[in-house]
1. In square angstrom, rounded to the nearest 10, how much accessible surface does Met245 have for a 1.4 Å probe?
2. Identify, among Leu189, Ala157, Ser89, the residue whose Cα sits farthest towards the positive end of the charge dipole of segment 82-207, taking +1 on the Cβ of Lys and Arg and -1 on the Cβ of Asp and Glu, with the dipole about the Cα centre.
3. Using DSSP to call loops (not H, G, I, E or B), can you name the chymotrypsin sites (Phe, Trp or Tyr not before Pro) in segment 195-266 whose Cβ has at most 15 other Cβ atoms within 10 angstrom?
4. Can you give the angle from 0 to 90° between the axis of helix 130-139 and the longest principal axis of the chain, with both taken from C-alpha atoms, to the nearest 10?
5. Aspartates and glutamates near Lys210 by alpha-carbon distance under 12 Å, same-chain residues fewer than 8 away left out - which ones?
6. Set the Förster distance to 45 Å, then compute FRET efficiency between Asn164 and Ser8 from the Cβ-Cβ distance, nearest 0.05.
7. In a shell of Cβ-Cβ distance under 9 Å around Ser14, excluding Ser14 itself, what net charge do Lys and Arg (+1) and Asp and Glu (-1) give?
8. Net charge around Leu149, counting only other residues with Cβ within less than 12 Å of its Cβ (Lys, Arg = +1; Asp, Glu = -1)?
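The values are calculated or read from the model by the stated rules, or taken from the named source; none is laboratory data. Keep in mind it's a predicted model, so treat the numbers as computed, not measured. Counting neighbours? That spans all protein chains shown, and the Cβs are built from the backbone with ideal geometry, glycine included. Surface areas here come from the heavy atoms of the whole protein model, side chains and all, with no ligands, DNA or RNA. Shrake-Rupley method; radii C 1.70, N 1.55, O 1.52, S 1.80 Å.
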Amino acid sequence: MEDILDKSLVSDTSICNLLLRIGPGRLDAAIYSVVHDNSLIYRSFPLLTDGAGQLRSLEEAVYDNPLLLSEFRRIYCIMDTGNAMAVPSSIADEADIDKVFRALHPEFDGEVLTSATGTRNALLAYGAGTDLTGFLRRTFHGIGIDCHLSTLCRFFASRPGTGNTRRMVCNLRQDAVDVIVIHGSELLLANTFSFKTSMDAAYYIMAARKSLGLNPEADEILLSGDQHIREEITPVLRRFTCRVMPVIFPPQMFRTGKESLRAPFDLIISPICE
């Protein structure tokens, strides 16, 4: 486990943002000043993966790191629940969204949340345990809870594409790839695929492109996330499609310091895609 986040590390948290990412087996946390450059502190803590165990280990990670309990300017939290689903924006009633989600996840017993995607045709619904969301809201005053996929959707939806092409964005992590496809102001796909090897990730990306009929000569692939996996799959993807490019790291977050490059990409962009 990395060094403890002690309150002595930051003199004034009222000018700082706290970013949290809760995913399978891990809590990621980043703190940075909105006034001073090169201030970002990043830590990652292991969590148990089962429901009750995850919550217990999350509570321990938070209470064992007193800096997390300080008063911050803003607190952002993204959740990787593994059950996010796109819902047409025409379904505006939250009760209807709840019914749709539970119909597809009949075993789910928790809170159904929704997040904007920054597109005109879809939002994302996802489920989280009520004990988990209750703990977050009690512990972190004014916390904003979001879905990791919707954070990525909003970030890339706000970046203009080229002409009438469709953009595929692939955010790579050690064991999963988030795949988002946007055409103009419409969301075509938002999903997360788990994998064991880098070549599995390349397969899921190409299978998703084929299912949507993306043009190998025009429709680009943008890669973000884990640098090692990106370097492994880029030459493979370029055998089948011409336009494979890395995502340019947002300069406003790079100014927070080099530690930002270690943190999950969806966590780092969360403050700039509200």
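1. Taking all protein chains as shown, Met245 has close to 70 Å².
2. Ala157
3. The qualifying sites are Phe240.
4. The angle comes out near 50 degrees.
5. Answer for Lys210, where 12 Å is the Cα cut-off: Asp219, listed by chain and number.
6. Details: r = 54 Å, r/R0 = 1.20.
So, using R0 = 45 Å, E works out to roughly 0.25.
7. -1
8. Neighbourhood net charge equals -3.
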